[in-house]
Amino acid sequence: MADHPDYSRAYTLWRQASGEAWDLYARHAFVEGLKDGSLPKKAFLHYLVQDYVFLIHFSRAWALAVVKADSLEELKIASGTVNALVNFEMNLHVGICAEHGISEEQLFAAKEEFANLAYTRYVLDAGQHGDLADLLAALMPCVLGYGEIGERLGREAIEGTPYQPWIDTYAGEEFQAVCRDVGAMLDRAIAARLGEDFEASPRWDKLCERFTMATKLEAGFWDMGLAGAD
């Protein structure tokens with residue numbers, strides 16, 4: 001059995017190519033703190049506020065995927081993901097923050113930190129200056145990475161962790177189904193642009209580099225969250 005969900009062949013290859021950067025992201029101290037409940041609440045709330053801002057830009061990046069789509073499947077998955085981000089995932093942040101006295105208006109007006117800005121603009125740049133393959137390589141560490149992290153924490157989290165609602169969101173069947181659908185679209189989109197033998201394409205190494213950089217920026221986002229506890 002694979003040590004991660006089998007969402008996509010391209011994702012698995014990119015994940016392997018990213019080397020130690022992947023574990024630094026997927027098993028970051030922030031993630032492990034969610035699992036065992038040791039993450040300071042202040043760090044978690046700081047992360048949620050910044051992640052709300054992140055999701056605004058991430059939604060715009062997926063809207064670019066609508067523009068870059070060449071097939072009906074790509075169009076449907078990209079537009080459906082925008083809807084899921086804006087109308088569902090962002091609501092998770094709104095609900096949890098409201099319990100701690102942070103309004104949605106405050107979330108929307110939050111000042112964007114440098115780690116957040118660097119990551120979101122990197123993804124948007126990939127979409128603006130490349131094709132759908134470039135954009136997807138920059139998007140997948142977040143979409144499928146959160147699916148993988150959620151699936152693992154859903155199995156490993158200690159009973160009573162205060163972060164169970166967050167874990168349940170990403171471990172739940174609804175988000176996991178999104179990951180499977182996105183993963184299937186990803187493989188077909190990459191094959192349509194690079195050919196079935198992904199790794200033989202002269203573009204492959206560049207796409208691996210994009211995925212790896214986005215993975216490192218994800219780890220930087222967790223670092224930012226932890227710094228919020230100081």
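The values are calculated or read from the model by the stated rules, or taken from the named source; none is laboratory data. Since the model is a prediction, treat every value here as computed from it, not as a measurement. In this analysis, Cβ positions are derived from the backbone assuming ideal geometry, glycine residues included, and neighbour counts consider all displayed protein chains.
What the table shows:
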| read-out | value |
| --- | --- |
| Only one of Gly19, Gly95, Gly37 that is modelled with pLDDT of 95 or more, surrounded by fewer than 18 Cβ atoms within 10 Å (Cβ to Cβ) and touching a Pro at 6+ places or on another chain (Cβ under 9 Å) | Gly37 |
| Residue in the range 76-88 that is more than 19 Å from Val182 (Cα to Cα) and either surrounded by 16 or more Cβ atoms within 10 Å (Cβ to Cβ) or modelled with pLDDT of 90 or more (or both) present | no |
| Pairs with Cβ under 6 Å, 6+ apart, first in the range 190-219 and without any contact (Cβ under 8 Å) to a residue 12 or more places away in the chain, second surrounded by fewer than 20 Cβ atoms within 10 Å (Cβ to Cβ) and assigned to a helix (DSSP H, G or I) | Ser201/Leu194 |
| Odd one out for Gly220 among (1) under 20 Å from Lys68 (Cα atoms); (2) modelled with pLDDT of 95 or more | (1) |
| Members of the range 54-84 found to be under 15 Å from Tyr122 (Cα atoms) and basic (Lys, Arg), listed by number | Arg60 |
| Helices (runs of 4 or more DSSP H) within the range 1-119 that include 1 or more residues touching a residue at least 60 places away in the same chain (Cβ under 8 Å) | 9-17, 20-26, 29-36, 41-68, 72-84, 90-98 |
| Selection from the range 181-212 of residues that are under 16 Å from the mean Cα position of the chain (by Cα) and either among the hydroxyl-bearing types (Ser, Thr, Tyr) or surrounded by fewer than 16 Cβ atoms within 10 Å (Cβ to Cβ) (or both) | Thr212 |
| Set Ala171, Ala138: member being under 15 Å from the mean Cα position of the chain (by Cα) and either without any contact (Cβ under 8 Å) to a residue 24 or more places away in the chain or surrounded by fewer than 16 Cβ atoms within 10 Å (Cβ to Cβ) (or both) | Ala171 |
| Index of the failed condition, Leu136 passing every other in (1) more than 25 Å from Gly33 (Cβ to Cβ); (2) at pLDDT below 95 | (2) |
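Quick grid of which residues meet (1) of a type in the set (Ser, Thr, Tyr); (2) surrounded by 14 or more Cβ atoms within 10 Å (Cβ to Cβ); (3) touching an Asp or Glu at 6+ places or on another chain (Cβ under 6 Å):
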position: Ser8; (1), (2), (3): yes, yes, yes
position: Ala43; (1), (2), (3): no, yes, no
position: Ala65; (1), (2), (3): no, yes, no
position: Glu73; (1), (2), (3): no, yes, no
position: Gly101; (1), (2), (3): no, no, no
position: Phe114; (1), (2), (3): no, no, no
